[in-house]
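Structure, as structure tokens:
Throughout, read-outs are computed from the coordinates displayed, never taken from laboratory work. Quick caveat, the model's predicted, so the values are computed rather than measured. When we count neighbours, we look across all protein chains shown, and the Cβ atoms used for this are built from the backbone with ideal geometry, even at glycine.
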Amino acid sequence: MYLPFNHKHILLLILVIGIGCKSDTTTETAKTYPTPYTVTVPAGFPPLEVSASNPLTEEGVLLGKMLYSDSILSTNTRRCTSCHNPIYSYSSPTFTSWAGTKFSVPPHINLGFKKTFNWDGSEESLDTLAMGDFEPEFFNTNPTLLVQKLKAHPVYPDLFNKAFGIADVGQITYTELKRRIANAIAQYLRTRVSANSKFDKYRRKQVLLTQNEYEGYVIFYSEKGDCFHCHSEPLYTDQQYHNNGVSETYTGFDLGRQNITHKDEDKGKFFTPTLRNIELTAPYMHDGRLATLEDVVNFYSEGVSADSYVDPLMTKKNGLRQLNLTPLEKMQLVAFLKTLTDLDYMK
């Protein structure tokens, strides 16, 4: 059956199409998209470890930077910087758990290049590293209060929306909120790169080392000091786990990596710490048992355990586990280690 299609029908059709187009355009422009953030990786550094599920964005980095130093996450005034203090290269001397375990707080430096985290590698992703901090032992976070404070904040609601598309933090689960906060902090930490120590500048032919610093550099990179096997450039860590002979008995935290893998060969192994800013991160070793850099050098010179679990790298060509450095050589090695200090990183 034929139905006449007059000019009124045409006008109605145009009106419907126009309304539809206008609606689509409005929806499209209302969306917000985070701005990609690019980290300049120094020459010679490995690629930055960035997960596909948490790409770097300007909004996410800013959100993470603000949350990192904000006590809004806790009910006890603690913040990330309470344990990761800038003056100690974003670490702190030691932390004692409720169970009585004392450990040296690892510095937050060049974390974007690391593959595992904590002394024993108990955390495998920077994206979720901060999630454990919400527990009673650290932030003692109150979920309801946290949501209230975030929603009342003048900046955070907009940043959560722009960074992660979360228009209302009260409409997601507490677990999801913690994950997104940890994601934002991870984004910020990936932008924190240290590569401007005196030794970096020496490598770039911008400064000269003193005679003692240079002699310490030679000791560090030779079998005399034998430091470079585990503390290799540019991160000054091989990102591996080693038993360095600091313990002779293995219980509790001293079991190290074995607590995670449950493998006998991992007994007493701990992640090789970076030596960047090592001057600022005393005390040393996983439990802070060595107070000074001089103590550390003395340990490697004369104090390495003869335990069978000690890494073969600790045995020298002469079959001994001691370096037997002279007092002058020890002083020179410490002088070199201090050239790895990057004061710009704390600014």
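Overview of values
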{"read-out": "Computed over region 198-346: relative contact order in percent, which uses C-alpha pairs under 8 Å that are six or more apart", "value": "31"}
{"read-out": "Contact order relative to length of region 112-201, as percent, for alpha carbon pairs under 8 angstrom and 6 or more apart", "value": "34"}
{"read-out": "Ordering of 165-176, 244-255, 126-137, 57-68 by packing [mean C-beta count within 10 Å, highest first]", "value": "57-68, 126-137, 244-255, 165-176"}
{"read-out": "Alpha carbon centroid spacing (whole Å) that separates region 150-205 from region 274-347", "value": "33"}
{"read-out": "Packing rank of 312-323, 184-195, where each peptide gets the mean count of other beta carbons within 10 Å, highest leading", "value": "184-195, 312-323"}
{"read-out": "Computed Kirkwood radius, in angstrom, where 1/r is averaged over Cα pairs of region 279-347", "value": "13.6"}
{"read-out": "Share of alpha-carbon pairs per 5 Å distance bin for region 35-162, given as whole %", "value": "2, 9, 15, 22, 21, 16, 10, 4, 1, 0"}
{"read-out": "Relative packing of 200-209, 88-97, which averages over residues the other C-beta atoms within 10 Å, highest first", "value": "88-97, 200-209"}
{"read-out": "Nearest-0.05 FRET efficiency for residue 94 and residue 167, computed from C-beta distance (R0 41 Å)", "value": "0.45"}
{"read-out": "Translational diffusion coefficient (Stokes-Einstein; Kirkwood radius from C-alpha pairs) of region 198-346 at 37 °C, 0.692 mPa s, in µm²/s", "value": "204"}
{"read-out": "Cα-based Kirkwood hydrodynamic radius, the chain, one decimal, Å", "value": "23.1"}
{"read-out": "Where trypsin sites (Lys or Arg not before Pro) fall in DSSP loop in region 233-314, at most 12 other Cβ within 10 Å", "value": "263"}
{"read-out": "Mean-position separation - Cα centroids, region 63-137 and region 218-242, in angstrom", "value": "26"}
{"read-out": "Computed FRET value (nearest 0.05) for residue 322 with residue 221, which takes r as the C-beta separation and R₀ as 22 Å", "value": "0.70"}
{"read-out": "Computed FRET value (nearest 0.05) for residue 211 with residue 158, which takes r as the C-beta separation and R₀ as 45 Å", "value": "0.20"}
{"read-out": "Hz values of 3J(HN,Hα) by residue in region 65-80 - Karplus curve (6.51, -1.76, 1.60), Gly and Pro given as x", "value": "4, 5, 5, 4, 10, 10, 6, 4, 7, 10, 10, 10, 6, 6, 9, 4"}
{"read-out": "Within region 180-204: backbone nitrogen closer than 19 Å to the residue 346 label point (7 Å, Cα to C-beta)", "value": "192-201"}
{"read-out": "Length-normalised contact order for the chain - Cα pairs under 8 Å, 6+ apart - percent", "value": "19"}
